[in-house]
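Right, one structure below, let's go through it.
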Amino acid sequence: MSFINAKTSFVSAMALIAGMGMAQAANTDITVAMQLEPPHLDPTSAAAGAIDNVVYSNIFEGLTRFMGDGSVVPGLAESWTVSDDGLTYTFKLHSGVKFHDGTTMDAEDVKFSLDRARAEDSTNAQKGLFKNIADVTVVDPTTVKVTLSAPTGNFLFNLAWGDAVIVAPESIENIKTHPVGTGAFTFTNWVQGDKIELTRNADYWGTPAKLEHATFKFISDPTAAFAAVMAEDVDVFSGFPAPENLPQFEADPRFQVLVGSTEGETILSTNNKMPPFDNVKVREAMAHAIDRQAIIDGAMFGYGTPIGTHFAPHNPAYVDLTGLSKYDPALAKKMLAEAGFPDGFTTTLKLPPPSYARRGGEIIAAQLREVGIKTEISNLEWAQWLEQAFRGKDFGLTIVSHTEPMDIGIYANPDYYFQYDNKDFQKLMEDLNLATDPAKRTEMLQKAQRIISEDYVNGYLFQLASMSVAKAGVVGLWQNSPTQAVDLTAVYWKE
Amino acid sequence: MLRYTLKRLLSLVISLCVASLVIFMVIEVAPGDPASFMLGINAQPETVAALRTELGLDVPKYVRFLDWVGGMLQGDFGTSYTYRTPVTKMIGDRLWVSLPLAIYALTLSTLIAFPVGIYAASRRGKLGDAVVMGATQLGVAVPNFWFAMMAVLVFAINLRWFSAGGFPGWDKGFFGGLKALTLPAIALALPQASILARVMRSSLLDMLGEDFMRTARAKGLTRRQALWRHALRNAMIPVLTIIGLQFSFLLAGSIIIEQVFFLPGLGRLVFQSISQRDLIVVESVVMLLVFSVIVVNFAVDLAYAAVDPRLRSRT
């Protein structure tokens, strides 16, 4: 009897505690969860995608911007003209644009932002985007002229990156903890380790946001992420970390699952200078030993698109080259023997933390073992990976998803960690940078894709899928991720 | 007593100096550079160098060590590499979650362990004792994060009484904060309570065999009266020692529980800082924990000496 009493009183005590502090969110508020917390909030001085997730388009805007479908459209620049030689861009800015602190956004701010990004002591993680800028001149408060040292076909695309947003000299000092931009949301509060809060910018120059308040929460543990969505603590989970749980959300009418494409080419990076990988025969043999679909199914639970080169499949210029590296273990063995390794060889496989690498790595190791290639797997933290594999080039194989948009140019840098050195390819990239004619550019990009695919520079595995879960009533989220962003400017709740 | 205190104080200072040096060296040896971590795989080498200069990472290690120690003497732990905010403030903010959580968990664990331990000791060898011993064995063996996940499954996902995690902040009301810490505190408390209950039981049983207990029984007290009046007080000494140890464990060791409930506590800060190579934060938090343990030990040493005069002459 006393046991039952104790039990009831325990349960009622729990119920009492549970009843405290209940609050119902109004339908102009949204809570978005993501796995990683930004280290700080300055998108122009760090590579962390988590920064862009919070601030891109919500707080900060650039001269141009990405839309959810990957297209580049005018941002703070209303229009622009390009000189015939492709060297001078004249941007006409929207007038009446104000920063969140009330100061005016004008041509001076554009000059300040671009000069800051390309300065000698710049800490911009994508400084390369600005390397062709020779000069930025203020013509009048709403006109700015950018002169390039060489034609840059991708210039407007480059300006849409989160690293190229417009910031103000008045507020730059505290940008890392108190970002001041021109976007549809203003920054209100950051409880480090927990959440970041944004409020609608009432004085926004463009179409105002429909949401009143937005909260970003950071939940790194996949199990906790699942629980938070199931308990409806969060309205959206952007970049849901556990693909194995997605079918469960799909079956639940309370939720919608958004699966789209990203710019992340997931590759088995191969150290092209390290024997035996300096032999193209060996790399080709390895490509035939890998069963991409098994990796996508086993590591990503079926989410991901196979790729045969370093290029995003949703890009119009993409060429499907997966046929060049068809799964054929017998052929792989034969080629290895021809290359002088009838009994295979042993190499290292260094895996960074994301699950595509850790889970995918185990599967690839098993597939390579089938053809006689033995791998010594070591799991590394990102900081270790950057030090050993990326900077130290001390690796045989590794798995990384290259998430930067349009990054095939990394193959033109012989010092880049996989150390691919092909003069023809480097020349092609130089020519590509100078080309502005879209048809010509497409042709060159396709040629570039073929070269690296036929050289089997790396093992091309799959395009990373973007996976988000949201409550059924949320409308207007990006399905694809042309850049790292959780653009809330057009998001609203269905009645 | 004065000489004893001075001796202890000297040993405290030496311990702190050695600890700061060891912490700095061990953590700085870890491979990885905060600047390259922040700038990622597209950054140009000159940009990484510029950021290293900005962060003050290009000065020799011993200079950084002296700066760090010098700052700490004035209560300033320096500035975080990644967050760019003062480390002292970051630790302070996180303590507002971790400290209440540790106290909450310790209170729960004590409230559970005392009655259970006493009950088991008074029923030694009977069914009740066997049940308690079995349950606490399970409690010791099962990791606290498993309890945490089960609690989330039942109380957050199915019953919807609690949030699955997160912390609203004390400024949103005391009870809201308390509620957010309830499931984590229970998950932390159950294994600790199991340990404590077992210590309580065995410590009491030890006392039951002592001469003074036989005397008490001979005076006519019942077994239960003797247990409450005489055994309990004497059995408290090992129990209090365990509680002290548990507190520092709960303060520093709730990393996994803070991950499971996504609480902005000290453990999560350390976890994040290690992966981002925010070395100065890691060093400072570890130093702070070492400092608190050393100071607590110092206080305990003094307290022992106060209660037991024999200790003073021995050292």
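The values are calculated or read from the model by the stated rules, or taken from the named source; none is laboratory data. It should be emphasised that the depicted structure is a prediction, and the values quoted were computed from it without experimental measurement. Every residue, glycine among them, receives a Cβ derived from its backbone with ideal geometry; neighbour counts consider all protein chains shown. Heads up: the accessible areas ignore ligands, DNA and RNA and are worked out on the full protein's heavy atoms, side chains in. Shrake-Rupley method; radii C 1.70, N 1.55, O 1.52, S 1.80 Å.
So, taking all protein chains as they sit and a 1.4 Å probe, how much accessible area belongs to B:Asp76, in Å² rounded to tens?
Its accessible surface works out to 70 Å², give or take rounding.
I'd like the accessible area for A:Asp297: 1.4 Å probe, protein heavy atoms, all chains in place, Å² to the nearest 10.
Using a 1.4 Å probe on the heavy atoms, I get roughly 80 Å².
Per 0.36 nm of contour for each residue apart, how much would the distance between A:Ala337 and A:His213 grow if the chain were fully extended, relative to their Cα-Cα spacing?
Taking A:Ala337 through A:His213 to full extension adds about 38.3 nm, to one decimal.
When the helix-only estimate is applied to chain A (DSSP H runs of n ≥ 4, each -39,500 (n - 2.57), divided by the residue count), what is the mean residue ellipticity at 222 nm, nearest 500 deg cm²/dmol?
-8000 deg cm²/dmol
Can you give the mean number of other chain Cβ atoms that lie within 10 Å of the Cβ atoms in peptide B:45-51?
Average per residue, whole number: 5.
Would you please put A:169-182, A:247-260, A:227-240 in order of how densely packed they are, using the mean number of other Cβ atoms within 10 angstrom per residue and starting with the highest? Please report the intermediate quantities before stating the final value.
Numbers: A:169-182: 18.0, A:247-260: 14.9, A:227-240: 23.1.
Ranking, from highest mean packing down: A:227-240, A:169-182, A:247-260.
Translational diffusion coefficient, Stokes-Einstein: compute it for the stretch A:65-167 using the Kirkwood radius over C-alpha pairs as Rh, at 37 °C and 0.692 mPa s, and state it as an integer in µm² s⁻¹.
234
Which whole-number value in Å² is the accessible area per residue of the stretch A:263-464, probe 1.4 Å?
Spelled out: the 1.4 Å probe surface of the stretch A:263-464, per residue, equals 39 Å².
Once Lys and Arg get +1 and Asp and Glu get -1 on their Cβ, which of B:Ala102, A:Thr270, B:Leu221 lies farthest toward the positive end of the dipole of the protein assembly as shown?
B:Leu221
Quick one: compute the contact order of the stretch A:65-167, relative version, from alpha carbon pairs under 8 angstrom and 6+ residues apart, as a percent. Working shown, then result.
Numbers: 158 pairs, mean separation 31.4, N = 103.
The normalised contact order for the stretch A:65-167 reaches 30 percent.
Would you kindly find the accessible area of A:Glu381, with a 1.4 Å probe and non-protein molecules such as ligands, DNA and RNA excluded, rounding to the nearest 10 Å²?
For A:Glu381, solvent-accessible area is about 60 Å².
List the residues of the stretch A:88-126 that lose 30 Å² or more of accessible area once all protein chains are present, compared with their chain alone (1.4 Å probe, heavy atoms only, no ligands or nucleic acids).
A:Thr123, A:Ala125
Ignoring ligands, DNA and RNA, what percent of the 1.4 Å accessible area of the stretch A:417-495 is carbon and sulfur? Provide the component values of the computation, followed by the final result.
Details: 1600 of 3290 Å².
Exposed carbon and sulfur together represent 49 percent of the surface.
Average partner chain C-beta neighbours within 10 Å, per residue of A:192-198? The partial results should precede the final answer.
Working: counts 10, 15, 12, 6, 0, 0, 0.
Across the residues of A:192-198, the mean count of other-chain Cβ atoms within 10 Å is 6.
Can you give the accessible area buried between chains B and A, summed over both chains, with a 1.4 Å probe, in Å² to the nearest 100?
4500
Calculate the length of the line joining the C-alpha centroid of the stretch B:48-104 to that of the stretch A:442-495, in whole Å.
Here the two parts' Cα centres lie 37 Å apart.
Can you give me the accessible area per residue for the stretch B:123-196, using a 1.4 Å probe, in Å²?
Per-residue accessible area for the stretch B:123-196 comes out at 47 Å².
Count the lysine pairs in chain B that are 8 or more places apart or on different chains: how many have C-alpha atoms under 27 angstrom apart?
4
Take each uninterrupted DSSP H stretch in chain A, measure its Cα extent along the helix axis, and return the ones at 20 Å or beyond whose mean Kyte-Doolittle hydropathy is at least 0.0.
A:2-19
So, with +1 on the Cβ of K and R and -1 on the Cβ of D and E, and no other charges, what is the size of the charge dipole of the protein assembly as shown about its Cα centre, to the nearest 20 debye?
Details: 67 positive and 79 negative charges, 1018 e Å.
For the protein assembly as shown, the charge dipole is close to 4880 debye.
Run the quick spin-label model on A:Val82 and A:Thr137: label points 7 Å from Cα toward the beta carbon, then report their separation in nm to one decimal.
2.0
Would you kindly work out the equivalent ellipsoid of the protein assembly as shown from its C-alpha gyration tensor and give its semi-axes, the square roots of five times the eigenvalues, largest first in whole Å?
Over the Cα atoms of the protein assembly as shown, the ellipsoid semi-axes are 54, 31, 28 Å.
Tell me the per residue accessible area of the stretch A:65-167 using a 1.4 Å probe; a whole number in Å² is fine.
Heavy-atom SASA per residue in the stretch A:65-167 reads 40 Å².
What's the tally of Lys pairs in the stretch A:351-495 whose alpha-carbon atoms lie under 27 angstrom apart, where the two lysines are 8 or more places apart or on different chains? Present the calculation step by step, with values, prior to reporting the outcome.
Values: A:Lys374/A:Lys393; A:Lys393/A:Lys423; A:Lys393/A:Lys427; A:Lys423/A:Lys440; A:Lys423/A:Lys447; A:Lys427/A:Lys440; A:Lys427/A:Lys447; A:Lys471/A:Lys494.
Step by step, the pairs that qualify in the stretch A:351-495 add up to 8.
At a Förster distance of 30 Å, what's the computed FRET efficiency of A:Ser355 paired with B:Gln137, Cβ-Cβ distance as r, to 0.05?
After rounding to 0.05, the efficiency reads 0.30.
Hey, what did the stretch A:210-326 get for relative contact order, percent, Cα under 8 Å, at least 6 apart? Write down the numbers at each step before the final one.
Working: 72 pairs, mean separation 20.1, N = 117.
Relative contact order, the stretch A:210-326: 17 percent.
When the convex hull of the Cα atoms of the stretch A:263-464 is projected onto a plane and the area is averaged over all directions, what value comes out in nm²?
Taking the Cα atoms of the stretch A:263-464, their convex hull projects to 10.2 nm² on average.
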